[in-house]
Each structure stands twice: as structure tokens, then as C-alpha cells.
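The values are calculated or read from the model by the stated rules, or taken from the named source; none is laboratory data. This is a predicted model, so every value here is computed, not measured. No Cβ is skipped: glycine too gets one built from the backbone with ideal geometry, and neighbour counts run over all protein chains shown. Surface accessibility is based on the protein's heavy atoms, side chains included, excluding ligands, DNA and RNA. Shrake-Rupley method; radii C 1.70, N 1.55, O 1.52, S 1.80 Å.
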Amino acid sequence: MGSVIIGSGRALPARIVTNDELSEIVDTTDEWIVPRTGIHTRHVAIEETCTDLGTQAALRALGLEEGGWQREAGAIDAASLDMIICPTLTADTHFPSEAARIRERIGATNAVCYDMSCACSGCVYGLSTADLIMAGAAFARKETARTGTPMRCNDVRRVLVVATERLSKLVDWEERATCILFGDGAGAVVLEWRDETEAGAAEAAGATGAAGADAPGILSSYMENTDDVDRTLWCDSAFASREVPFAADGTTAAAGTSATDTPRLAAADAESDPYMRMAGQAVFKFATSAMIRCTEEALTRAGLTTDDVTLFTPHQANERIIRYAAKKMGLPMERFQVIIDHVGNVSGASALIALNEALCEGKLQPGDIACMTAFGGGLTAGSCVIRI
């Protein structure tokens with residue numbers, strides 16, 4: 001039994017920005033960017049919103065729009081979704097959640113929705129959380145059948161995990177160290193919980209690898225957090241420096257004026273910085289160690305080794321990070337799905353986009369094993385091992 005990926009989709013904005021175009025607005029060149037990052041182009045949302053991108057990726061994952069991948073023939077009914085989890089840093093609104101906005105767009109009338117804020121690890125955190133929730137619901141169903149009592153929680157059998165990002169709204173386009181790295185886009189998967197009896201029925205219906213020891217599903221997951229005491233990856237809230245009409249000394253500002261001594265969310269900062277900031281060398285050190293550590297831990301939990309993995313679909317932060325980790329693990333780059341050259345770093349959506357490209361290109365087939373590893377602000381990191 002387990003959480004099986006039954007659909008996958010991605011969406012990228014129409015506008016492609018080249019390194020040469022970036023050199024017109026910031027002190028850089030294509031020759032400087034490519035060796036350091038592996039990035040040639042990235043997609044930037046001009047007219048598309050976060051909701052637009054997430055909706056398109058979701059529709060493709062459901063098979064309701066061309067360009068996605070589905071395990072079995074036929075579209076997946078959006079009304080059959082019990083939950084939508086949306087990892088994002090750049091939701092179009094504080095509320096309703098981005099997940100709720102996507103729910104409305106795709107017609108997922110029965111889905112419970114919420115967003116997750118875990119930066120570039122959103123893909124792994126989203127998949128892991130969906131898996132845990134569905135496993136809990138499966139246990140509750142068994143208890144209900146055993147005791148005849150009502151379900152103690154929502155009966156969650158299908159979950160859409162859709163990560164959608166517009167990092168172009170967070171980067172400082174005058175800071176070379178960050179603006180060259182990031183792009184916009186969305187990636188999505190539909191997960192379905194299959195018990196032994198359901199897996200057996202799917203196998204009888206002709207689904208490849210539906211039951212037995214080689215049944216598809218999330219085989220293991222691992223998540224971790226490290227305190228970012230040195231502000232390695234950071235982006236202040238846009239509301240951190242907004243004034244309120246009350247002062248710390250107990251006085252109240254007159255109507256139409258501002259208090260002179262305004263409490264702030266971050267008292268140590270003179271003003272809130274609206275842009276993403278990154279300490280490049282510290283991020284590289286954290287990312288390479290986290291990628292190796294999380295991959296090994298998830299594989300150990302699954303009872304597997306790197307030799308068992310068909311394809312690694314990691315977060316795409318920097319090609320040098322992937323190459324370094326691959327070398328340390330003794331793996332050729334051909335075992336990794338690398339998409340950063342044409343999409344850049346799309347935060348929590350990156351690995352889901354990489355997974356979808358691999359599925360659509362036929363690099364992953366039913367029965368194959370994929371390993372998704374991610375790391376990002378928080379500091380967050382994690383890995384999932386998935387049998388397709």
C-alpha cells in the first residue's frame with residue numbers, strides 16, 4: 001500500500017530571458033553565468049500570475065490539458081481530489097491561500113486546501129506531508145471498519161501537490177549574485193493512496209507494477225531543518241516595517257498621522273528589505289552536504305542504495321551543486337535530470353518540473369525508482385524515494 005503518483009504536470013511562463021538580456025541590466029555576461037551556474041535561460045512571468053501557473057500545471061497533472069503525464073489512460077476528475085497542498089513563497093494573496101485559488105480554478109470542489117512555506121524544499125515537504133496524511137487516513141479507515149465508529153479525520157485518498165513560484169518578484173534585479181539564478185514556473189503531481197486490495201484491482205485491470213513487492217508509491221521520505229542563524233537565505237516580510245498608530249511609550253498617534261516610535265516585526269532592522277538575499281558560499285556548503293546526507297538517509301529508510309535508483313530528480317539551485325554531490329556519491333551526471341540550464345532555480349517547483357520532464361521524456365517508466373532531494377531557506381532539506 002502507499003501513495004502512488006498517478007499524474008504529473010508543469011507550467012512555465014511564455015517569456016524566456018537569456019543571459020545576454022541580463023547583461024543589459026546588471027554587470028554580468030553569459031560567459032560569467034554559465035560556468036558558475038549552468039544556466040543559459042530562465043522563464044519570467046510577465047502576464048502570468050502564480051495562480052495561472054499553478055492552475056496550468058495542475059490541469060496537466062490531471063490530464064485535463066495536454067502536456068502532462070498520467071499513469072493510467074484518461075483524465076483524473078478534479079472533484080475526486082480530497083486535498084490540495086501548495087508549497088509557495090510567492091502566493092498572489094495572503095488569503096485565500098494559493099491552494100484555494102487553484103482549487104476554484106480547476107473545479108476541485110471537495111478539496112481541503114492550504115499553502116506551505118518551506119522554500120526550495122517544498123516539493124519534498126509537500127509529497128511527504130501528503131503521504132503522511134493519506135497514511136493516517138488509511139489507518140483511520142481500518143479503525144472505523146474494525147470498531148464501527150465514525151472516521152476520526154477526513155478521508156483523504158487523493159492529493160494534488162502543486163508548487164508554484166514567481167521568484168522574479170523577490171529578486172533584486174540590480175544584484176548579480178541572485179538575479180541570474182531564479183526563474184518562474186510550477187510543477188504538480190497527483191497522489192493516490194492504494195491499499196493492497198486496490199493495488200490488486202489495478203494490476204488486474206492491466207496497470208504496470210500495481211501490486212506486490214514492486215508496487216509503485218513513495219517508498220520513504222526524510223525531512224530536516226537547520227537554524228539559519230547567519231541569515232544564509234533570507235527574505236523579509238513586506239509588512240515587517242509597516243507602521244501602526246501606537247507607540248512603545250503608550251501614546252497613540254492622532255488620526256491621519258503615524259506614531260513616531262513604531263513597533264517592528266524585526267526590531268534589529270532599521271527597515272524591512274523586500275528582496276531575497278543569499279550568502280552564496282555558505283549556501284553551496286549547506287546544499288552539497290544536505291543533498292548527500294538527505295539522499296543517503298532516504299535510501300537507507302527504503303532499504304535501497306544509489307545503485308537501485310533509476311534517476312535522481314534534485315532541486316535545481318546550481319548545476320555545480322549537483323555535479324559536486326554526484327561526484328561525492330560516485331555517480332555519473334547521466335543519472336541526474338538536470339533542467340536548470342533552461343529554467344533556472346524555480347524554488348519548490350524545480351524538482352517537480354524535473355520529475356515531469358523525465359516522465360514525459362520517457363526517462364522514467366512504471367517500476368523505475370526516482371529519488372527527489374531538495375534544500376532551501378529555513379534552512380530546510382529532505383528527500384523522497386519514489387517507485388514510479
Charge dipole (the range 1-111, unit charges on Cβ, about Cα centre) - positive-most of Gly54, Leu89, Ile76
Ile76
Is any residue of the range 64-78 close enough, with backbone N under 18 Å, to a label point placed 7 angstrom from the Cα of Asp214 along the Cα-Cβ axis, and if so, which?
71-72
Where labels lie 7 Å past Cα in the beta-carbon direction, separation of Glu334 and Thr226 in nm:
3.2 nm
Say R0 is 22 Å: what FRET efficiency, to the nearest 0.05, do Glu196 and Leu132 get from their beta-carbon distance?
0.70
Mind grabbing the accessible area of Tyr114 for me, 1.4 Å probe, Å², rounded to tens?
70 Å²
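Could you work out the relative contact order of the chain, using alpha carbon pairs under 8 angstrom and six or more residues apart, expressed as a whole percent? Working shown, then result.
Numbers: 922 pairs, mean separation 91.9, N = 388.
Once normalised by length, the contact order is 24 percent.
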Treating only the Cβ of Lys, Arg, Asp and Glu as charged (+1, +1, -1, -1), what charge dipole size does the range 308-388 show about its Cα centre? Round to the nearest 20 debye.
280 debye
Probe 1.4 Å, heavy atoms of protein chains only: per residue, the accessible area of the chain in Å² is 44 Å²
What distance in nm separates the simple spin-label points at Ser80 and Ala279, each placed 7 Å from Cα in the Cβ direction?
4.9 nm
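Want the number for Arg141 to Glu47: 0.36 nm per residue separation, take away the alpha-carbon distance, what's left?
Value of the extension gain: 29.4 nm.
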For the pair Phe239 and Ala73, how long in nm is the line joining their label points, each one 7 Å along Cα→Cβ?
5.1 nm
Given unit charges at Cβ for Lys, Arg (+) and Asp, Glu (-), the dipole magnitude of the chain about its Cα centre in debye, nearest 20, is 940 debye
Any chance you could run the full-extension gain for Asp27 through Arg301? It's 0.36 nm times the residue separation minus the Cα-Cα distance, nm to one decimal.
94.1 nm
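Tell me whether the range 52-194 comes out rounded, prolate or oblate; compute the Cα gyration tensor, take square roots of the eigenvalues as a ≥ b ≥ c, and use a/c under 1.5 as the rounded threshold.
Judged from the Cα gyration tensor, the range 52-194 comes out prolate (a/c at least 1.5, a/b above b/c).
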Between Arg323 and Arg36, what length in nm is gained on full extension when 0.36 nm per residue of separation is reduced by their alpha carbon distance?
102.2 nm
Expressed as a whole-number percentage, the relative contact order of the range 43-184 with C-alpha contacts under 8 angstrom and at least six residues apart is 29 percent
Could you state how much accessible area Ser289 has, in square angstrom rounded to the nearest 10, with a 1.4 Å probe and all protein chains kept in place?
50 Å²
